[in-house]
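For reference, the structure discussed in these notes is given below.
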Amino acid sequence: MLSQLHIKNIGIIEEVTINFEDGLNILTGETGAGKSLIIDSINAITGSRVSKELIRTGEESAFIEAYFFDEASEYVLSREIYQNGKNICKINGKLVTVSELRELGHSLIDIHGQHDNQSLLDERTHIDLLDGFASSSLKPLLEEYTNAYEEYKDILAKISKNYGDEGERARKLDLLNYQINEIETADLKTNEDEDLNARRKILMNSEKISSSLNSSYEAINNNILENLSEVTKMMSNISELNEKYQSVFNEINDAYYNLEDAVDNLADLAMDVEFDEDEQSHIEERLNLISSLKRKYGSSIEKILLFLQRAKEERDFLQNSDEIVAKLKKEQKDIIKKLNDISSKITSTRKDFAKKIEKKINSQMQDLEMKKAYIEFKFEESDLFLPNGKDVVELLICTNVGDELKSLSKIASGGELSRVMLAIKTVLGEFDTIPTMIFDEIDTGISGQAGKAVAEKLLLISKSHQVICVTHLPSIVAVGSTNFYIDKQVKSNKTKTYVKKLNEEEVIYEIARVIAGNSITESVLAHARELRKELKIA
C-alpha cells in the first residue's frame, strides 16, 4: 500500500508529507486547495507524463517521493522534474527510466478519476478480469492449454530448424555445400597463418638479416675467436697454480667453445637466407585466402575448421530430415486439433461466466444512478493461438437507451466512467491484485441515495484494498477510516497548501462543512453525526 507521499514544489504545494493508512483514506477541501495536485503527484510518481507547468512558480524543479510496502516487499519511488524537461526517476535509490517507473507504479496503484483510468481502459486487461472471476473453473483448462501451447511452439521451432519447406531446405543445402567445398579446398592447417606471417617477415627483411649474420660471423671468426684462443692458452699455463685462476680459465674456455658453436650457427643461418620472389607471392596469396575465410566463417583458423565441422553435421542432418519433418508435421496437426478443442472449452466457460459478471456489474450500476446503463463482454476469435486461448475479449458499455455498445474509453463523462469503474471494482475487486486504488471525485453528478451507495461500495472495496478518494459528497466523507483536509493559505504573498489529518470531532465538522458550506449550525452537526453513525463508522 501507499504509506507515505512527499511532495515538493508542485503547483501551490511548497512542501507536504501525507501518511496514508490502510482502509479508506478520504481527501476533502475547498476547490483549488490542492487536492488535484496531490492526485497529479501520484500520477507523476507512477510514471505518467507530466508538464513542467506543474512546477511551482519561481522554482527550477519539483520533487515527489512515495513509499510503498506490503508483507513481502517495499519500494521507494522518486521523481524529480526540471524546467528544462529533464526527469530523474529512481526506484529504491537506483536510477530508472520513466517507463520502468510506470511499469512498477501501475502494479502498485490503480487511479480512477475524471481523466485518469489506467488498467480498465486497457482492453488487453479485460480478459484477465474475466479469467480472475472464473478462475476456479478455468484454471485446469488454462493449465492444459498452456502445456499444449508450449508443445505447439516447440514443434514449430523444430520444423523451422529442420526446414520443413522443401525449397528452403534445398537452398540451405546448396549454401552448405558451397561453404564446405570452399573451406575444404583451402586445406587449412592449424596455426598456418602464424607460420606464414613469420616466414613473410623473414623474406621481407632478408637483405637486412643476411647483412647482419655475415657481419657478425666475420667479426667473431676473424677477431674475437683468434684473440680468445690466445687468452685460453695463456690462462692454461697458470690455471693449475691457483683455484681462482682455474675458475677464470674454465669460464674463458667455455666462452671460446660457445662462440665457436655460435660461429657455426651463424654460417648455417647466413647460407639459409635467400629472397625467393615466388615464395613471397605464394605466402601473400595464401594469407589473403585465409583472411577472406576468416571474414566469412570465423576469426581464426580454429573457428573456421569448427564452422566446417558444424556445416557438415547440418548438411548430413538436412539430407536425412524428410522423415523427421514428416513426423513433426503429423505432430503439429495433432496438437492444433488439441489446442482448438481446449480453446473451445475455454471460450464456452468464459462466456458462461461473462453473463454472470455482466449481471452483477449491471446490478451495481443500478445502485449508482446509472439506471439505463449496462455492460457486455464482446468476444472475437483470433486467427492465431494466443498464450491464453483464442479469445480476444473487450468490455463494452451502453449508457443510454438506444445507444450502441461502445468501448469504455469512448465514455464522455469522467464521473460516469468513474462510477462504472467502481461498479466493476466492487464485483471484481477480490480478484484485483493492485493493492491501492484511487478514486478522484467519483461522486461527480450524484447525490442522495446513490451517494450512499457509492460510499458503501468504496467501504466494501477498502476491506481488501487501500482506497484513496477525493470527494465532495458527505456520505463518502462519513465512511472514511482516515480523513485528510486539504487547505490553502496565503503567507508572505505566497499561496501554500497544507494537509491536516482529522480527528473524530474534526471529521464530524468536515462532514457538516461539506453538507452546508460555511453555514454550520448545531442541527447540521447533529445531521453529520447521524450520518457518520448510520454508516457505522463512529
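Coordinate-derived values only; no laboratory data. Keep in mind the model is a prediction, meaning the values are calculated, not measured. No Cβ is skipped: glycine too gets one built from the backbone with ideal geometry, and neighbour counts run over all protein chains shown.
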Asp322 versus Leu259: modelled label distance in nm, points set 7 Å from Cα along the beta carbon direction: 8.1 nm
For the stretch 1-53 versus the stretch 239-271, the gap between their alpha-carbon centres in whole angstrom: 94 Å
First select every other residue whose beta carbon is under 11 angstrom from the beta carbon of Ile88; then total the charges, Lys and Arg +1, Asp and Glu -1. +2
My understanding is that a pair violates if its Cα-Cα distance is over 30 Å; which of Lys330/Lys378; Lys406/Lys457; Lys52/Lys457; Lys327/Lys378; Lys35/Lys351 do that in this structure? Lys330/Lys378; Lys52/Lys457; Lys327/Lys378; Lys35/Lys351
Could you work out how far apart the two model spin labels at Asp70 and Ser348 are, taking each label as a point 7 Å from the Cα in the direction of the beta carbon, and quote it in nm? 3.5 nm
Within-13-Å neighbourhood charge of Lys406 [Cβ basis; K, R +1; D, E -1]: -4
Assigning unit charges at the beta carbon (Lys, Arg +1; Asp, Glu -1) and nothing else, what dipole magnitude in debye, to the nearest 20, does the stretch 328-423 show about its Cα centre? 360 debye
Dividing the alpha-carbon Rg of the stretch 308-426 by 2.2 N^0.38 Å yields what? 1.78
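About the Cα centre, and with charges only on the beta carbon of Lys, Arg (+1) and Asp, Glu (-1), how big is the dipole of the stretch 167-319? Nearest 20 debye, please. Spell out each step's value before the answer.
Working: 18 positive and 33 negative charges, 258 e Å.
Dipole about the Cα centre, nearest 20: 1240 debye.
Write down the Å³ per residue value for the convex hull defined by the alpha carbon atoms of the stretch 427-508.
Details: hull volume 9.9 nm³, N = 82.
Looking at the stretch 427-508, the number lands at 121 Å³ per residue.
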Treating cross-link reach as a plain straight distance, find the lysines whose alpha-carbon is under 18 Å from the alpha-carbon of Lys244, omitting any fewer than eight places away in the same chain. Lys233
Pairwise centroid distance, computed over Cα atoms, of the stretch 502-519 with the stretch 59-81, Å: 31 Å
Please compute the modelled spin-label separation between Ser492 and Asn222, points set 7 Å along Cα→Cβ, answer in nm with one decimal. 10.0 nm
Along the charge dipole of the chain, pointing to its positive end and built from +1/-1 on Cβ of Lys, Arg, Asp and Glu, which listed residue (Ala186, Leu173, His126) has its Cα farthest out? His126
Per DSSP helix of 4 or more residues, -39500 (n - 2.57); summed, then divided by the residues of the chain. What does that give at 222 nm, rounded to the nearest 500? -18500 deg cm²/dmol
Grab the Cα-Cα distance for Ile238 and Glu192, subtract it from 0.36 nm times how many residues apart they are, and report the gain in nm with one decimal. 11.0 nm
Apply the Debye scattering formula to the stretch 420-474, with a single equal point scatterer on each alpha-carbon and no solvent, then give log10 I(q)/I(0) at q = 0.12, 0.17 Å⁻¹. -0.24, -0.48
Considering the dipole of the chain built from charges on the beta carbon (Lys and Arg +1, Asp and Glu -1) around the Cα centre, which of Met365, Asn19, Ser247 is farthest to its positive end? Met365
Can you find, among Gln466, Thr146, Ala62, the residue farthest towards the positive end of the dipole of the chain? Put +1 on the C-beta of Lys and Arg, -1 on that of Asp and Glu. Gln466
If the cut-off is 17 Å between C-alpha atoms, which aspartates and glutamates fall inside it for Lys161, apart from same-chain ones fewer than 8 positions away? Glu150, Glu151, Asp174, Glu313, Glu314, Asp316, Asp322, Glu323, Glu331
Relative compactness, the stretch 306-368, computed as alpha-carbon Rg over 2.2 N^0.38 Å: 2.38
Could you give the distance between the Cα centres of the stretch 359-385 and the stretch 291-356, to the whole Å? 41 Å
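Dipole magnitude of the chain about its Cα centre, charges +1 at Lys/Arg Cβ and -1 at Asp/Glu Cβ only, in debye to the nearest 20?
Dipole about the Cα centre, nearest 20: 4280 debye.
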Values of log10 I(q)/I(0), in the order q = 0.14, 0.21 Å⁻¹, for the stretch 167-319 under a Debye, Cα-only, solvent-free model: -0.82, -1.18
Relative pair counts by distance (%), Cα atoms of the chain, 10 Å bins: 3, 12, 15, 14, 10, 9, 8, 7, 7, 6, 5, 3, 1, 0
For Arg171 and Ser281, FRET efficiency with R0 = 41 Å and r from the beta-carbon atoms, rounded to 0.05? 0.65
In straight Cα distance, which aspartates and glutamates are under 13 Å from Lys356, not counting same-chain residues fewer than 8 positions off? Asp131, Glu376
Past the 23 angstrom mark, what percentage of all C-alpha to C-alpha distances in the stretch 95-241 do you count? 78 percent
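Report the calculated FRET efficiency for Gln449 and Thr31 (r = Cβ-Cβ distance, R0 = 22 Å), to the nearest 0.05. Walk me through the numbers before you get to the answer.
Values: r = 25 Å, r/R0 = 1.14.
E(calc), rounded to 0.05, equals 0.30.
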